[in-house]
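As structure tokens, the structure follows; a few thoughts come after it.
The values are calculated or read from the model by the stated rules, or taken from the named source; none is laboratory data. The model shown is predicted, which means the values in this text are computed figures rather than measured ones. Here the Cβ positions follow ideal geometry from the backbone for every residue, glycine too, while neighbour counts run over all protein chains shown.
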């Protein structure tokens, strides 16, 4: 096997691993939505590239370097809660444990999420969303002009 083939194989494997972690993180975010009992039409996707039929949960995944942690998978969600304007919340997947459990970074704290005990993730994530919503609301009250459209980060 050539060096190029090894690098390509390594890249394909890491891409697959990132895809699996992204899929699992999204699974837990949907579980979080159900846990919070938000009506599906109140947890809304912002329009994507002018597609008037697109709604649901907008997500964007980016691999970035996090201080003290290393490379993490950042999932940006655009949420609309109740009648509020949409706002963006970031969740970070650090990776998996040796037992295959997902490790996430929420509000600066690493949490291992398992099917047996999802509550710590739910509690931290709910607080994280509320803090972000408060920050955004405060910024909009103080500095933004009413009716300013949401622009995803």
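Within the range 95-126, the residues that satisfy the criterion of being in contact with a strand residue (DSSP E or B) (Cβ under 8 Å, 6 or more places away or on another chain) and under 29 Å from residue 138 (Cβ atoms) are 104, 105, 106, 110, 111, 120, 121, 124, 125. The strands (runs of 3 or more DSSP E) found entirely in the range 62-153 that carry 2 or more residues being under 21 Å from residue 23 (Cα atoms) and modelled with pLDDT of 85 or more are 87-96, 102-106, 109-113.
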